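Every number in this text was worked out from the coordinates using simple rules, so none of it is lab data. Quick caveat: nothing in here was measured; it's all calculated off a predicted structure. No Cβ is skipped: glycine too gets one built from the backbone with ideal geometry, and neighbour counts run over all protein chains shown.
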Amino acid sequence: MTTADVVIIGGGVIGGSIAYHLLARNPRLRVVLLEKEAEVGTGATSKATGGVRHQFSTEANIRLTQLSYPYFAETERILGRSVDFVPHGYLFVTTEPRTFEQLQRNVTLQQRLGVTSRVVSPGEMRPMLSQLVVDDLLGGSFCPDDGSADPHGLLQGFLARARERGLRVLTSEPVVSVTRDEERVVGVETLRDRYRAPVVVNAAGPHGDEVGALAGIAIPSKPYRRQVMVTDPLPDFPDVFPLIVDLDTGWYVHRQGKSAVLMGGTDKDQHPGHDTTVDWEAFELVFKAAGKRVPPLAEAKVMRAYAGVRDLTPDYHGILCEVDEAPGFYLACGFSGHGFMHSPAIGLLMAELIVDGRATSMDITALSLARFKAGAVSTESNVF
Ligand SMILES: Cc1cc2nc3c(=O)[nH]c(=O)nc-3n(C[C@H](O)[C@H](O)[C@H](O)COP(=O)(O)OP(=O)(O)OC[C@H]3O[C@@H](n4cnc5c(N)ncnc54)[C@H](O)[C@@H]3O)c2cc1C
């Protein structure tokens, strides 16, 4: 039997951030992180393409990015290493009047919260990427501060700093049961050991619903496959251009390194399950959407492709709370494709929740598990 103050289930970027922030608040805490695989960071975090954006439709998602942003823009100061953040901007485009109206509402909200996003006309988009077909577009939204960074680097940064403060990381240690003493959650069991702790955090990513079930808690987060492809070098494209999302199809493209591009999308919510086999036929939709929006990309050769799993909730917001019916059991899962960019904020808020008894850096009501029962959900519309 091992005793600890906090057990974290899951060694992805969310679990790593929670460990870092807990120990930054109180280095005397005994924090144990349990990872089922032989190494940390092999789950969704290893597949994330590194996007960081402010352009969401809800206050909660925008504020999560704002709280997280310094960890990308000033990583050296905070974590002592670089995460190769490039603020190349995100450009959302559409031909649909209703989608364009929604984008305009989003920008109004974003600007009210201090985001530098703006509505852009097709003419303003042309210089952003000369190969972009804009004639049929109604307009879009652009934020120059959006960008991308290295998920693996961020996870390693969190873990390195947390280990210096005493974090214990155990790999090949799958949690197989969650121990309850009447209502309270008081620990977990793995195949090798029993862990007793007054705080157990479910940071199991796309397996969050399964870990919830071990404690008898239903979590409305489901795993969905998302696949991406990286092309052969495309020297005719500029070194840096915005990540472009065509909201009509869900297709997106961005620079991968200095020469290739990465494309994906068009597969939201289509393949529930943990299968990460690449579905090559599904890339036909990607090429079709690419051919319409950036025609030279329809001729690009695929250098490699891979699939990962995103944990999606019905309203595309993560779940961050202590469970009312299971005191001591904390949830940090269901991040709906934004978990990398929101991981710094999630760690910070979870540490506040555990150490202070409530989150103070922002209102997290919109992220509670109880919201689903109350029916008070505000669905994120800027998803692809
Ligand atoms: C193709 C793709 C592109 C993406 N792009 C972006 C992006 O651009 N920007 C962005 O913000 N997000 C993106 N995401 C989403 C992002 O990857 C996730 O939201 C984020 O990595 C979630 O981190 P996590 O720590 O919750 O999950 P994970 O990284 O999956 O970590 C959870 C860990 O828990 C472990 N685990 C599970 N069950 C158990 C158990 N019973 N016992 C012990 N350990 C267990 C798993 O092995 C895993 O290591 C993308 C996802 C995919 C698939």
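Taking loop as defined by DSSP and a crowding limit of 14 other beta carbons within 10 Å, which GluC sites (Glu not before Pro) in segment 280-360 fit?
Hits after loop and neighbour filter: Glu325.
Roughly speaking, what is the stretch gain from Thr42 to Arg163, that is 0.36 nm per residue apart minus the C-alpha to C-alpha distance, in nm to one decimal?
41.7 nm
Please tell me the relative contact order of the chain in percent, rounded to the nearest whole number, where contacts are Cα pairs under 8 Å and at least six residues apart.
Once divided by the residue count of the chain, the mean separation gives 24 percent.
Roughly how far apart, in whole Å, are the Cα centres of segment 230-267 and segment 176-216?
So the two Cα centres are separated by 40 Å.
Please tell me the relative contact order of segment 238-338 in percent, rounded to the nearest whole number, where contacts are Cα pairs under 8 Å and at least six residues apart.
It rounds to 17 percent for segment 238-338.
Quick one: work out the % antiparallel among DSSP beta bridges in the chain, nearest 5.
Of all bridge pairs located within the chain, approximately 70 percent are antiparallel.
Apply 1/(1 + (r/R0)^6) to the Cβ-Cβ distance of Arg358 and Ala218, taking R0 = 22 Å, and write down the FRET efficiency to the nearest 0.05.
E(calc), rounded to 0.05, equals 0.35.
Relative to the first principal axis of the alpha-carbon coordinates of the chain, what is the inclination of helix 283-293, with its axis defined by its Cα atoms, in degrees from 0 to 90 and to the nearest 10?
Here the helix axis deviates by roughly 50 degrees.
How large is the Kirkwood hydrodynamic radius of segment 46-91, in angstrom, based on all distinct alpha carbon pairs?
11.7
Under 8 Å for C-alpha pairs, at least 6 residues apart: give me the relative contact order for segment 14-119, rounded to a whole percent.
Worked out over segment 14-119, it gives 25 percent.
Normalized C-alpha radius of gyration of segment 1-110, against 2.2 N^0.38 Å?
Against the compact-globule rule of thumb, the ratio is 1.38.
Please order His271, His342, His21 by the number of other Cβ within 10 Å, starting at the fewest.
Listing His271, His342, His21 from fewest to most nearby Cβ atoms yields His271, His21, His342.
Taking only DSSP H segments of four or more residues, each worth -39500 (n - 2.57), what value at 222 nm results for the chain once the sum is divided by all its residues, to the nearest 500 deg cm²/dmol?
Dividing the helical sum by the residues of the chain leaves -8500 deg cm²/dmol.
Rounded to whole Å and sorted largest first, what semi-axes of the equivalent ellipsoid does the C-alpha gyration tensor of segment 296-356 yield via the square root of 5 times each eigenvalue?
Rounded to whole Å, the semi-axes are 35, 13, 9.
From the phi of every residue in segment 110-116, what ³J(HN,Hα) in whole Hz does the Karplus formula 6.51 cos²θ - 1.76 cosθ + 1.60 yield, where θ is phi - 60° and glycine or proline is x?
With the stated coefficients, segment 110-116 comes to 4, 5, 4, 8, x, 7, 8 Hz.
Over all alpha-carbon pairs in segment 138-273, figure out the percentage whose distance exceeds 25 Å.
The calculated P(r) of segment 138-273 puts 53 percent of pairs beyond 25 Å.
Using only alpha carbon positions, build the gyration tensor of the chain, then give the equivalent ellipsoid semi-axes as the square roots of 5 times its eigenvalues, largest first, whole angstrom.
Output for the chain: semi-axes of 36, 21, 20 Å.
Starting from the Kirkwood radius over alpha-carbon pairs of segment 31-187, derive D by Stokes-Einstein at 20 °C in a medium of 1.002 mPa s and give it in µm² s⁻¹.
D, rounded to a whole number, is 115 µm²/s.
For segment 53-131, what's the radius of gyration and Dmax over Cα atoms, in angstrom?
14.8, 46
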